[in-house]
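One structure below.
The values are calculated or read from the model by the stated rules, or taken from the named source; none is laboratory data. Quick caveat, the model's predicted, so the values are computed rather than measured. So basically every Cβ, Gly included, is an ideal-geometry build from the backbone, and we count neighbours across all protein chains shown. The area values use the complete protein model at the heavy-atom level, side chains included, leaving out ligands, DNA and RNA. Shrake-Rupley method; radii C 1.70, N 1.55, O 1.52, S 1.80 Å.
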Amino acid sequence: MAEEFPVEIGVVYEGERIRKQNMQVELGGTKVDYKAELVQCRPMDEIEDGKVIVKGKDLKDMEEGGRYPLVILVEVAGEQVERDLEAVIERRIHDFSNYIEGFMHVNQRYDIWCRVSKSSFRKGFNSFTFLGQALGKLFKAELPIIEKIQITILTEEEDVKPFVENARGIYEARDARARELSDDDVDEFYGCVLCQSFAPTHVCAITPDRISLCGAINWFDGRAAARVDPKGPNFKIEKGEFIDKEKFEYTGINKVVQEKSLGENQRFWLHTMFGFPHTSCGCFEAIAFYIPEVEGIGICHRNYRGETVIGVPFSTLATQTGGGKQLDGFLGIAIEYMRSPKFFITDGGWNRIVWIPKFIKEQVKDAIPEELYDKIATEEITTDVDELKQFLDEQDHPVKERWEAAVLEAEELEVVPVGEAFAGTRLILKNARIHADKVIIRRR
Amino acid sequence: MHAFAVSGKGGTGKTVLSALIVRELVKRGVVLAIDADPDSNLPEALGVDTERTIGDIREELLQKKYKLPPEYTKDVWLEGKTYEILSENDGFDLLVMGRPEGPECYCMVNNLLRRIMDMLTANYDYTVIDSEAGLEHISRRTTIGVQDMIVVADGSQRSFDTAVRIKKLTEELKARFDHLYVVLNSNKDRPADTARAEETGLSFLGSIPYDPEIEKACYQGVPLPEHSRAGQAVHQLLEEIL
């Protein structure tokens, strides 16, 4: 397809950086106020397939070494082209424009930064029409759902500025929709095994409602990474069958857990810390821990100094929790997960949270149901379980409902002691009936 | 792309040698200089101003990871920022790695950076890495993909000991380089030093003479002179290996 084009087009040019010394012009970038790229879906009869409109100075009229505003508007139509795909299609502008020899494209949306090289300019890449044509061909070749494509390039500030201002509203509306995205809205989740170097059986299941434990990889990041390198540490998980709607168990996730944990773990229940919880690597931002005395859940973050309400600091909890083990009642999480509508939903969600450091409480304030905010204890209220119980009682915390029902019915109970002294030990109590007013464990 | 890394004990002159190598290589092609020492001095030695470091943008990303728009993915953000902080100069670009990691999780950001760095370095004829003192760059494998590792020694026994340790760790971790060289820096013409450098088991590449002009520039904290005795010696060394 390159024969009618002045420069070559191909994957080999991806990652090509145009240095300032070899730069014909710069478009957008931090030194230019207005620039943007946007994909919009249109009805079939509103656009003309293959049409490229260039409004404003064309490349050949631009000063060598100059900087200019830029808009790349890609309008697409097709029976299967939906508004939800706009962001995905838009992201490909980066890939495809970088396939062009001597064209550099960095960033996205209102931050785009492009350069055209002197050498490609000399070869005849002197019009944006060529950029538009190349993009049009690449989009149609790579994304067959696009039946019609029309591309507009704007380079005058008087056109670019209002365009960018309007586009901001479109991006914001798109972000608002993306934030609403839930596990039920997608067909695939993403996995992450970046932490397997120190937790060899750990795999993160990343879904719209469940960000990675480190808080660094959301579903969109997973999707981007898996597309760039499908065999890399971030990969696609086919959702499979949704087999348990209370425990949030998916066959697709189970399959990946079995494979990636090397058979160590068989299944994950996505939004609970009991039964078959997600494993924890070592990178988690916070740890959720079950407090049996009050039937509630406490949470402590990495930077919290001092003892938690169960008498141990974060570091001790982390030693216990990390390493890719599946542990009843201990789970590494990202702070952002506390904003998820499915946050420990199987266990009662926020109604189950009884103790968190003040720092987190402030940080996720908007996610805590208003009526619960004052009922959740922090280190300023207490770091003692007995006092915590009294506080919850006085505050009428919803977890109290569980106290009456708290008759131990387990046939098999696994007790995993906290603390370095017990690391690696596992006590299994069968048919146990335990009553103790107090258990005292002393350091040797 | 041919990559050099300069390492060795603290104070032996890694930054000076790195800067002199960059100055030489610019005559042969386009160079990417990477200052991987958290206490970054390479920009000054090369006479270049830099504002932000990879460490800065890495922290910024971790700080704002929840604030980026959901579809503004972190790979794109980080790639853009890396390109933005790259200092562009005649014949060479300079990237400063900056501050070391904090207590948070860096798995994601470092994974993204690896890919960005691989893509970036492919654009240059030469890459020169001014490593931090000590051995961590080898144990963390941040110098993987480097063909020539040059360990600087200043004639002190400790600087030779460091060279030996670097060689040992390289073998243990199978972090193989095509060549592992030792260079004598600021050599005060003690013939015995050459023999001691050879005893380290690394290939002895040569000596850089003591140069009062370089010492003066270091003392004053100004860029290294364009032409110097030491620079001439580096020219000779590179002639041998390129």
Exercise. For the range A:219-230, in order, what is each residue's ³J(HN,Hα) by Karplus, 6.51 cos²θ - 1.76 cosθ + 1.60 with θ = phi - 60°, in whole Hz (x at glycine and Pro)?
Worked result: 4, 5, 5, x, 5, 5, 5, 5, 6, 5, 9, x
Exercise. Hey, got the Cα dimensions of chain B along the principal axes, in Å, largest first?
Worked result: 64, 39, 30
Exercise. When chain A is treated as a GNM, springs tying every alpha-carbon pair under 10 Å, which of A:T207, A:T321, A:T383 comes out with the largest mean-square fluctuation?
Worked result: A:T383
Exercise. Which part of the range B:79-108 falls in the paramagnetic zone of A:S119, meaning amide N under 17 Å from the point 7 Å along Cα-to-beta-carbon?
Worked result: B:91-93
Exercise. If packing is taken as the mean number of other Cβ atoms within 10 Å per residue, what is the order of A:103-110, B:225-232, highest first?
Worked result: A:103-110, B:225-232
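How much net charge surrounds A:Q258 when only other residues with a Cβ under 12 Å from its Cβ are counted (Lys, Arg +1; Asp, Glu -1)? Could you put the intermediate results ahead of the total?
Working: positive: A:K255, A:K260, A:R267; negative: A:E259, A:E264.
Taking every other residue near A:Q258 into account, the sum is +1.
Could you give the C-alpha radius of gyration of the range B:42-181 expressed as a fraction of 2.2 N^0.38 Å, taking N as the number of residues it contains? Don't jump to the answer; show the numbers that get you there.
Numbers: Rg = 16.9 Å, N = 140, 2.2 N^0.38 = 14.4 Å.
The reported ratio for this selection is 1.17.
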Seminar exercise, completed: Length-normalised contact order of chain B, Cα under 8 Å, at least 6 apart, in percent, tallies to 29 percent
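With Rg and the Kirkwood Rh both taken from Cα atoms, where does Rg over Rh land for the range A:356-407? Working shown, then result.
On the way: Rg = 11.7 Å, Rh = 11.8 Å.
My calculation of the ratio gives 0.99.
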For this session: Multiply the residue gap between B:E136 and B:E199 by 0.36 nm, knock off their C-alpha separation, and tell me the result in nm, one decimal place.
Result: 20.3 nm
Exercise. What does the charge count near A:D393 come to, summing +1 for each Lys or Arg and -1 for each Asp or Glu among other residues with Cβ under 13 Å from its Cβ?
Worked result: -4
Problem set entry | Extreme residue, positive dipole direction of the range A:180-275, given options A:S197, A:N234, A:I253 (C-beta unit charges) | A:S197
Problem set entry | Calculated [θ] (222 nm, deg cm²/dmol) that DSSP helices of n ≥ 4 give over chain B, each run adding -39,500 (n - 2.57) | -13000 deg cm²/dmol
Exercise. Tell me, which cysteines of chain B are without a disulfide-compatible partner by the Cβ under 4.7 Å rule?
Worked result: B:C107, B:C218
Exercise. Can you pick out the pairs among A:K236/A:K325; A:K31/A:K236; A:K231/B:K81; A:K361/B:K65; A:K255/A:K342; A:K55/A:K148 whose Cα atoms lie more than 29 Å from each other?
Worked result: A:K31/A:K236
Problem set entry | Gaussian network model of chain B, Cα within-10 Å springs - most flexible of B:T143, B:T15, B:T121 | B:T121
Problem set entry | Isolated Cys in chain A, by beta carbon distance under 4.7 Å | A:C41, A:C114, A:C300
Problem set entry | Net charge over other residues, Cβ less than 13 angstrom from the Cβ of B:V30 (K, R count +1; D, E count -1) | 0
Exercise. Per 10 Å bin, what is the whole-percent P(r) computed from every C-alpha pair distance within the range A:302-406?
Worked result: 13, 44, 39, 4
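Calculate the dipole size of the range A:2-178 relative to its Cα centre from +1 charges on Lys and Arg beta carbons and -1 charges on Asp and Glu beta carbons; express the result in debye to the nearest 20.
The dipole of the range A:2-178 has a size of about 660 debye.
How large is Rg/Rh for the range A:2-178, to two decimals, with Cα atoms and a Kirkwood Rh? Walk me through the numbers before you get to the answer.
On the way: Rg = 15.3 Å, Rh = 16.2 Å.
We get a ratio of 0.94 for the range A:2-178.
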Problem set entry | Computed label-point distance, nm, for sites B:K188 and A:I381 using a 7 Å Cα→Cβ extension | 7.0 nm
Seminar exercise, completed: Share of accessible surface on carbon and sulfur in the protein assembly as shown, whole %, 1.4 Å probe and ligands ignored, is 46 percent
For this session: Compute the length gained on full extension between A:R168 and A:E14: take 0.36 nm times their separation in residues and subtract their Cα-Cα distance, giving the result in nm to one decimal.
Result: 52.7 nm
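Below 8 Å, C-alpha to C-alpha, sequence gap of six or more: please give me the relative contact order for chain A in percent.
Numbers: 872 pairs, mean separation 51.1, N = 444.
This gives 12 percent for chain A.
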Exercise. With every protein chain in place, what's the accessible area of B:F204 (1.4 Å probe, Å², nearest 10)?
Worked result: 60 Å²
Exercise. Using a simple spin-label model with points 7 Å from Cα along the Cα→Cβ vector, what separation in nm is obtained for B:Y219 and A:K161?
Worked result: 5.6 nm
Exercise. Distance in nm between label sites at B:Q157 and A:D95, each 7 Å beyond Cα in the beta-carbon direction?
Worked result: 6.0 nm
Problem set entry | Unit charges at the beta carbon, dipole of the protein assembly as shown: most positive-side option, A:Y110, A:G348, A:L213 | A:L213
Exercise. So, with +1 on the Cβ of K and R and -1 on the Cβ of D and E, and no other charges, what is the size of the charge dipole of the protein assembly as shown about its Cα centre, to the nearest 20 debye?
Worked result: 1580 debye
Seminar exercise, completed: Highest GNM mean-square fluctuation among B:D148, B:D125, B:D35, for chain B with Cα springs under 10 Å, belongs to B:D125
For this session: Please average, across the residues of A:207-219, the number of beta carbons from any other chain that are within 10 Å of each residue's own beta carbon, and give a whole number.
Result: 4
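May I ask for the accessible area buried between chains B and A, both sides summed, probe 1.4 Å, to the nearest 100 Å²?
3400 Å²
Counting pairs of alpha carbon atoms under 8 Å apart in space and at least six apart in sequence, what relative contact order in percent does the range A:73-215 give?
That works out to 21 percent.
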For this session: Subtract the Cα-Cα distance of B:M1 and B:E171 from 0.36 nm times their separation in residues, and report this length gain in nm to one decimal.
Result: 58.8 nm
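With every protein chain left in place, what is the accessible area per residue of the protein assembly as shown in square angstrom, probe 1.4 Å? Show your work: numbers first, answer last.
Numbers: 31550 Å² over 686 residues.
Solvent-accessible surface per residue comes out at 46 Å².
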For this session: Mind checking which of B:W77, B:V16, B:S87 is farthest towards the positive end of the range B:1-113's charge dipole, using Cβ charges of +1 (Lys, Arg) and -1 (Asp, Glu) about the Cα centre?
Result: B:V16
Seminar exercise, completed: With +1 on the Cβ of every Lys and Arg and -1 on the Cβ of every Asp and Glu, the dipole magnitude of the range A:180-275 about its Cα centre, in debye rounded to the nearest 20, is 380 debye
Exercise. Which values of log₁₀ I(q)/I(0), to two decimal places, follow from the Debye formula for the range A:180-275 at q = 0.11, 0.12 Å⁻¹ with a uniform point scatterer at every Cα?
Worked result: -0.28, -0.33
Exercise. Hey, any idea what the orientation-averaged projected area of the convex hull of the protein assembly as shown's Cα atoms comes to, in nm²?
Worked result: 36.2 nm²
